[in-house]
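Rule-based calculations on the coordinates, nothing more; no lab input. If you're wondering where the values come from, they're calculated on a predicted model, not measured in any experiment. Positions of Cβ are backbone-derived with ideal geometry, glycine not excepted, and every protein chain shown enters the neighbour counts.
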Amino acid sequence: DEIGLIPCPEARYNRSPIVLVENKLGVESWCVKFLLPYVHNKLLLYRQRKQWLNKDELIDITCTLLLLNPDFTTAWNVRKELILSGTLNPLKDLHLGKLALTKFPKSPETWIHRRWVLQQLIQENSLPSLVTKGNLGPAPVERIHRLVQEEMNVCSEAAGRYPSNYNAWSHRIWVLQHLGKLTVKVLLDELSSTKYWVSMHVSDHSGFHYRQFLLKSLIGRTVTDNNVLVQNQMVNEQNPSLQKEEESAGAEAACAEEQSVDLPRRIEEELELCTELIDTYPGHETLWCHSDETLNNSHHSPATSHMAQAMDVDGLNESSSKQSYTQETKRLKRARMQDSLGPEMEYRFIDKILSTCRDADQARFATAYRKWLVTFLGQ
Amino acid sequence: RSAYCAASVASLTNILTPALFAGTAEWIARCQNWEGGIGGVPGMEAHGGYTFCGVAALVILKQEHLLNLRSLLHWVTRRQMRFEGGFQGRCNKLVDGCYSFWQAGLLTLLHRTLYATGDRALSMTHWMFDQLALQEYILLCCQCPAGGLLDKPGKSRDFYHTCYCLSGLAIAQHFGSGELHHEVILGVPENRLQATHPVYNIGPEKVARAVLHFLQQPVPSPEPTA
């Protein structure tokens, strides 16, 4: 379940450099300068059609290469060909990638190949000829759910191995978008399962950015659901005979089993998390940044806003409204009636920090945040 | 990143057509996120490298107005480290010499764009970052005694960091061009580098020569030859 290099500049004994202990694979460093050029060369000769390699040899060689250097695109591409020809089980590549990531948690090519493999796997699921009885395993939905969970684990581990691991967190977002379909359930599950992780990595901007992505997706999702429900209601009022059709169409977005999201509560919880972490760990810019933006979200949450306009689920406004973003903010602020998040609470929190903190960075962030509160809340 | 490479190549070689980049500018704009910076694809974290590429591509496509320039400016100016003087690539990360170009270069692009929109509050002598502090970081912290430049002290040299530290140094030393050109050189005059073109990061005269050269060539037809 893990690979690593054992610093060992010279072969002391006449034995294999491969060490396997407790399911961890180690390679003594002295052998790399022999092994890597050897396998690399073999693969190149194959690619140049100068030396044939059969399927098993190809699988072995690419596997070795990728565990030594997973950014070797050609090796991943050879495996793509093997997968497409049906010789290699795509799940093997998920495992190989996972292993490579234990040593190379950022490896761009590994993440890229992983997405290709996952796309192959979902396509398989959507083939009408796929039969899900008997020995072909669980139903596609269950299978996809498992794939998603596994990807969340792989991302989490890679994120833990390298601070602010952009590629790992980007992959995580991609999986939710393309495999998880950004359902409310998966978004809420992820919010809850990453809460502990980000609390243990308070400088990890990527981790907190992920939570922003989740929150904004929830906001977008709720707006879409509300829009669909409103549309359904309108249609039903006009045409009772069409009711059944519309209901099933709307089921995708607002089906009975999908929880209704208590958005204000989620956002409040997020702010509480920020407050707690800012208090406990002074001086981390990411926490302040996250806090700012979470407060921002509360003013765009449709549950507290009259405006039911659909927003991009990836949290970006349409380009045409880019310049009017500030205007929008001001309008929403004035339009909103109930604000359960109490700006007074924020001021009290800030003033407490300013009067008790001894960390220069924390004081600076708190001062900036206070200025921003004044401007933003206009109070 | 890919959009910038494509726009860069197409514009220099005179094969840029609206059809080639239909929808590209809008897609890049979608990569700008709540932080103000730009990520690799829509939804991703704002990142110095991608932000530079996105903005430079939009400059080439003349569509910078699709971005929220104010939040972008807000984001990038906060990326200069108050102690080190160099730039970080993302919030709460460490300084890295290569961002001397990606972030500082980005600020020069923004400067021009904002000036073109009629903003007269802009300085006519200095960029919107501390040019001397950046030069200090590069010269004092990013040089390898054996030659070449690097990310930060303790890291080893490589061509990528050598390229972008030097590019960043050039950006920090030269404000504007032509009549508005204003130099700020830290240390001895020998430290002075030639100016670099903020969009293509090659010499401005080279950009001019390349454009001229390709303008004189026949434009290849999109149909495959027989």
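As a quick test, which of the pairs A:Lys103/A:Lys216; A:Lys103/B:Lys155; A:Lys33/A:Lys103; A:Lys195/A:Lys216; A:Lys98/A:Lys181 have an alpha carbon distance above 25 angstrom in this structure? Going by Cα-Cα distance, A:Lys103/A:Lys216 fall outside the 25 Å limit. Spin-label model, B:Arg82/A:Leu36: points 7 Å from Cα along the beta carbon direction are separated by 4.2 nm.
Distance distribution note for chain B: the fraction of Cα pairs above 22 angstrom is 53%. With only Cα atoms counted, the stretch A:1-125 has Rg and Dmax values of 15.2, 51 Å.
The mean number of partner chain beta-carbon atoms within 10 angstrom of a residue's beta-carbon across peptide B:41-49 is 6.
Neighbour counts of other Cβ atoms within 10 Å put B:Cys5, A:Cys155, A:Cys8, B:Cys142 in the fewest-to-most order B:Cys5, A:Cys8, A:Cys155, B:Cys142. Overall, the stretch B:1-138 carries a charge dipole of about 160 debye about its Cα centre when +1 sits on the Cβ of Lys and Arg and -1 on the Cβ of Asp and Glu, all other atoms neutral. Here the stretch B:42-103 is treated as a Stokes sphere of Kirkwood radius computed over C-alpha pairs; at 37 °C and 0.692 mPa s its diffusion coefficient rounds to 270 µm²/s. FRET efficiency for the pair A:Arg15 and B:Met124, taken as 1/(1 + (r/R0)^6) with r the Cβ-Cβ distance and R0 = 45 Å, rounds to 0.05. Mean partner shielding of peptide B:88-98, defined as the number of other chain Cβ atoms within 10 Å of each residue Cβ, is 4. Taking 13 Å as the cut-off, the amide N atoms of the stretch B:51-84 that come nearer than this to a point 7 Å along the Cα-to-beta-carbon line of B:Ala116 belong to B:55-67. Find how much the distance from A:Tyr347 to A:Leu84 grows on full extension, using 0.36 nm per residue of separation minus their present alpha carbon separation; answer in nm with one decimal. Going from the current span to full extension adds 88.7 nm.
Using 7 Å Cα-to-Cβ label points, what is the B:Leu132/A:Ser199 separation (nm, one decimal)? Label-label distance for B:Leu132 and A:Ser199, simple model: 4.7 nm. Work from the charge dipole of the stretch A:1-125 (Cβ charges, +1 for Lys and Arg, -1 for Asp and Glu, about the Cα centre) and give the residue of A:Gln48, A:Leu35, A:Ser107 farthest towards its positive end. Sorting the options by dipole projection puts first A:Gln48. Neighbour counts of C-beta atoms inside 10 Å place A:Glu150, A:Glu142, B:Glu64, B:Glu84 in the sequence A:Glu142, A:Glu150, B:Glu84, B:Glu64, starting with the fewest.
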